[in-house]
Amino acid sequence: MISTVWRLLTRQIDTNPAQDDAVLREACTQARYGSDDGPARAALAATRGDHDRRARYVRVLAESTAGGLGSRIDRTTGRVDTTAAWTDRWAARTPTNPDAQLVRARSLMARAWEVRGGDWAATVRPEQWAEFGRLLHLAEQVNDVAMRLAPEDPTPWAIRLDLMVDQSAPPEDVEETWRELIRRDPWHREGHVQKLTYHCRKWGGSHEAMFGFARSVAATAPAGSPLHVLPVRAAAEWALWEQERETPGATAEEIGQRWQQDPVLQSDLDNALEQWFRQPAGRHADWLNDLNFLAYGLARTGRDADAAPVFASIGRYVTGVPWAWWGDTRGDAAFIRARRRARAASSRA
C-alpha cells in the first residue's frame, strides 16, 4: 500500500533538467537517443544574445551526455572516451562553431563530475581524482577555443569560472575571470552562481565571504532580478555545511530552527519574495531552478504559507539540489513532504 501511494506521488514530479521547455527537452532527447543533433544545434543557435538562456541551454544539453556512451570508463585504460558522446562528434565536425565547443566543454565537465562523484573530497579515490583532473583540463582547452571564436560571449567566461572553482585556481586568476565576465554581462545569473560557489566554505571559502558576496549583489540588483535569490542559495549552502561537517550530530530540523531564528537569514528570504518572486518582471531562463531554492528556504524555516504560491509556480518540476540536502538522497521525498505541508497551510489560510 505504501509503495503504491509513493509511486502515485512520484508521478506528480518531473526531474528532467530541461523542465517545461519543450524545445530543450526534444533537443536533448534527439541528440542523446535519436542520434540527431540538429534540434540541439538549432535550439542553441537561437539563444545567441540571450545570455541567461544560452548558459542554461549549454548546461542542460551538456548534461544530457552524462550516463551515456561518452561517460563510461574504459577498463583497460582507466579513462573516459572523449570522442564518443554526441557533443564530441559535433565539435569535431564543426571546429569553428563556438556553440559546439561550448557544449563539448560543459559536457566534459559533466563527465568529470560523473567520474568523481558528488560526495565530499575525502571519499574520492586517487584514480577518480586523476581522471577528474584530466577531463577538466581538456574541458579548459576546449572552452578556450570557444572564447577565441566568440570573444564577446560571456558564456565561456562563466564556464571558465566554474572550472576554476573545480580546480581550486589562485584567487587572482578567479578575480580576473570574474572581471571579464561581468564586463560582458554585469548581471549574468549563472556567473554569479559560480562566484557564490567559489566563496563557499566547502570550496575553501568562508561563510562570511559567501554571505557578503551574495548580499552585496542582492543589494544592488534591479527589482525582478533572480540575483535576489543568491542569499537564499548561500543559506542553503550554510545549512548543508552545518549539518554535514560543522555539527554532524545535529538534525536537519535543528539546522532549520537555527535558520528560522536568525533575523538576517529571514530578511534574505523576505527580500527574495518581495524583490524577485512577487515582481511582475516575468520568467527568466532558470526560473524553476531559483524557485526550488526559494521554496526550500521557506520550507526549511517553517514558512509554509509563504511557500505555497512558490510551490504552485514550480508545479511538478523539482530539482535534485537543494532538496537532496535535506537528508533525502534524491530529494524527491523532501520536496513532496514540503509541498504537502505548504498546500495544507494554504488551505487553512
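Descriptive notes on the structure:
- Rounded D (µm²/s) - the chain, Kirkwood Rh over Cα pairs, Stokes-Einstein at 20 °C, 1.002 mPa s: 102
- With a cut-off of 17 Å on the backbone N, the residues of region 211-231 near the modelled label site 7 Å out from VAL264 along Cα-Cβ are 211-220, 230-231.
- For ASP14, distant residues with modelled amide H under 5 Å away: TYR317, VAL318
- Sites ARG48 and ARG179 - FRET efficiency at Förster radius 25 Å, r taken between beta-carbons, to 0.05: 0.65
- Nonlocal amide H pairs with VAL80, under 5 Å, H built at 1.01 Å: ASP74
- Average projection area in nm² (convex hull over Cα atoms of region 133-267, one quarter of hull surface): 9.2
- Here region 222-349 is treated as a Stokes sphere of Kirkwood radius computed over C-alpha pairs; at 10 °C and 1.306 mPa s its diffusion coefficient rounds to 109 µm²/s.
- For region 19-165, a crude dipole built from +1 on the beta carbon of Lys and Arg and -1 on the beta carbon of Asp and Glu, taken about the Cα centre, is about 240 debye to the nearest 20.
- When each full DSSP H helix of the chain is screened for a Cα extent of at least 15 Å along its own axis and an average Kyte-Doolittle hydropathy of at least 0.5, the helices passing are 230-241.
- Here the dipole of the chain is about 940 debye; that uses its Cα centre as origin and unit charges on the Cβ of Lys and Arg (positive) and Asp and Glu (negative).
We did not get these values from a lab; they are worked out from the coordinates using the rules stated. Note that this is a predicted model, so its numbers are computed, not measured. Cβ sites come from the backbone with ideal geometry, for glycine too, and all protein chains shown count toward neighbours.
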